[in-house]
Amino acid sequence: MDKLIITAAVTGGEYVSKETTPYVPSTIDEIVDEVVRSVEAGASVVHLHAKDPDTGEPWSGDPNPVLMEYVDRIREQIDVVINLTTGGGRVGNPPEIWDELVRTRCRLGQEMMSLNMGTMNRWAEHPTGEIFLNTVRMIERWCGYMVEAGVKPEHEIYDTGMINVCRQLAAKGIVPEPLYVQFVMVGGTGFLPTPKALIYSLDQLPESWTWSVCALGRHEIPMAAVAMTLGGHVRVGFEDNVYLRYREFAESNAQLVKKVANIARELDRPIATPKDTRKILGLKGP
Ligand code: KMH
Ligand code: ZN
């Protein structure tokens with residue numbers, strides 16, 4: 001079993017702002033500090049969305065200059081694998097320009113990017129509306145941009161049908177195998193966050209592929225524990241959950257990272273460093 005890759009989704013993503021919790025980082029200093037704390041707690045990958053520094057809402061307009069500053073500032077502070085979003089960065093941008101925004105975003109110095117593997121109804125209110133648009137043609141183009149730039153796609157899977165879209169990408173040679181997939185267990189309009197749903201999905205995954213799990217809210221830590229025992233990797237952080245325990249806000253993403261790191265240690269599952277993670281996922285390095 002590989003060492004455990006812990007991803008910290010520190011910025012709160014598209015749905016968590018200062019209105020949700022006062023602890024979500026939104027200024028660049030806050031975000032860099034949360035990244036450093038999360039890496040010191042055991043994270044080897046950080047996943048980032050561009051945020052409005054005052055409100056913590058998703059950045060409206062071209063997110064790339066904001067994300068580039070995050071990458072540069074983080075690189076000055078600490079070694080970590082950086083994963084930039086493509087599901088985010090749509091607020092205030094018409095779909096006609098998403099392609100160009102993503103193509104440009106492939107070259108900000110990060111090693112990984114999220115790639116959402118299908119269109120679905122959103123599981124929460126969002127400024128861009130009810131539909132989370134990811135057509136097969138978009139996915140194929142964006143995947144091509146990532147591979148061309150030497151960036152590793154993290155294939156976000158919200159339902160089993162999306163595993164087949166991953167298989168088609170590999171079969172068409174658009175992305176080299178083994179793929180790295182993440183089961184995004186959002187409940188609501190996607191996977192129910194249950195061990196049964198995960199095991200059913202794993203049955204359909206080619207043996208050589210590596211995988212991670214993220215689940216929302218109170219399901220985050222229990223599903224992380226299940227994933228760890230099954231040999232998978234985990235994602236935690238304010239993008240998926242803002243509570244340390246029932247009705248108690250986590251004051252830092254690092255507290256959530258520490259929780260899963262402690263569970264891993266009790267399971268004698270060593271935790272991957274950024275260097276280990278680059279080896280496990282075949283990353284080119286910063
Ligand atoms: N929002 C998460 C549930 C992305 O950023 O493109 C999955 C995610 C996707 O992080
Ligand atoms: Zn995200």
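Here is the figure for segment 53-83: residues that are within 16 Å of ligand 2 (Cβ to nearest atom), not in a strand (DSSP E or B) and not aliphatic (A, V, I, L, M) total 6. Out of everything in segment 17-51 that is within 16 Å of ligand 2 (Cβ to nearest atom) and in a loop (DSSP other than H, G, I, E, B), what residue ends up being farthest from Asn241 (Cα to Cα)? Selected residue: Ala50. Pairing residues of segment 113-131 that are part of a loop (DSSP other than H, G, I, E, B) with residues that are within 14 Å of ligand 2 (Cβ to nearest atom) and among the β-branched types (Val, Ile, Thr), at Cβ distances under 7 Å and at least 6 apart in sequence or on separate chains, gives Met117/Ile157; Trp123/Val186; Pro127/Val91; Thr128/Val91. The set of residues in segment 246-284 being in contact with a helix residue (DSSP H, G or I) (Cβ under 9 Å, 6 or more places away or on another chain) and surrounded by fewer than 16 Cβ atoms within 10 Å (Cβ to Cβ) consists of Tyr246, Leu267, Pro270, Lys284.
Every residue, every condition in (1) buried (at least 20 other Cβ atoms within 10 Å of the Cβ); (2) closer than 30 Å to Glu248 by Cα; (3) among the aliphatic types (A, V, I, L, M); (4) more than 17 Å from the chain's Cα centre (by Cα), yes or no:
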| site | (1), (2), (3), (4) |
| --- | --- |
| Pro22 | no, yes, no, yes |
| Val39 | yes, yes, yes, no |
| Ser44 | yes, yes, no, no |
| Asp54 | no, yes, no, yes |
| Pro65 | no, no, no, yes |
| Asp72 | no, no, no, yes |
| Met112 | yes, no, yes, no |
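Every number here is computed from the coordinates shown, using simple stated rules; none is lab data. All figures in this text were calculated on a predicted structure; none of them were measured in a lab. All Cβ positions, even for glycine, are placed from backbone atoms using ideal geometry, and neighbour counts span all protein chains on display.
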